[in-house]
Amino acid sequence: MLLTTKYADGIPLYRFEKMLARHGVDIPRQTLARWVIQCGEQLQPLLNLLRDKLFDHPVLHIDETRLQVLHEPGRDPTAQSWMWVQSGGPPDKPVILFDYSITRAQ
């Protein structure tokens with residue numbers, strides 16, 4: 001539920017913390033953030049497999065887009081960041097991956 005709420009529903013952790021509190025569940029935002037990070041670490045092998053599957057096929061579509069993140073720690077609000085969307089794999093089971101970086105270097 002935590003990852004769905006954060007990423008699919010777009011609810012920031014501070015709002016999710018308040019939603020839980022209204023139901024009598026006291027979980028600090030720092031704990032929620034730690035769980036999100038730990039989930040990301042656990043899902044890394046799956047990401048690696050998906051990337052391998054993506055590159056196993058002869059056609060790969062990639063879009064590179066510049067964007068601004070207004071409240072990124074340690075960065076000026078006018079600084080440029082980068083997003084890459086990669087799509088490929090078998091037609092019946094396509095793989096779509098999103099990568100974000102503060103620099104264009106990969």
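Structural remarks
- If R0 is 35 Å, the Cβ-Cβ spacing of residue 60 and residue 25 corresponds to a FRET efficiency of close to 0.20.
- Within the chain, trypsin sites (Lys or Arg not before Pro) in DSSP loop having at most 13 other beta-carbon neighbours inside 10 Å: 104
- Structure-based [θ]222 nm, the chain - -39500 (n - 2.57) summed over DSSP H runs of at least 4, per residue, nearest 500: -12000 deg cm²/dmol
- Global size of the chain: 17.2, 53 Å for Rg and Dmax (C-alpha atoms, Rg to one decimal, Dmax whole).
- Spatial separation of Cα centroids for the stretch 27-70 and the stretch 1-24, in angstrom: 20
- Projecting label points 7 angstrom from Cα along Cα→Cβ for residue 49 and residue 97 puts them 1.4 nm apart.
- Largest-first ellipsoid semi-axes for the stretch 46-106, taking √(5λ) over the Cα gyration tensor eigenvalues, angstrom: 28, 11, 9
- Bridging of residue 6 to lysines at a Cα separation below 25 Å is possible for 18, once same-chain residues fewer than 8 apart are set aside.
- Local net charge near residue 29, Cβ-Cβ under 14 Å (Lys/Arg +1, Asp/Glu -1): +2
- The chymotrypsin sites (Phe, Trp or Tyr not before Pro) found in the stretch 11-51 include none that occupy coil by DSSP while having at most 10 further C-beta atoms within 10 Å.
All of the numbers you see were taken from the coordinates with simple rules; none came from a lab. As the structure is a computational prediction, the values presented were derived from the model and not from experiment. Here the Cβ is made from the backbone with ideal geometry for all residues, glycine too, and neighbour counts use every protein chain on show.
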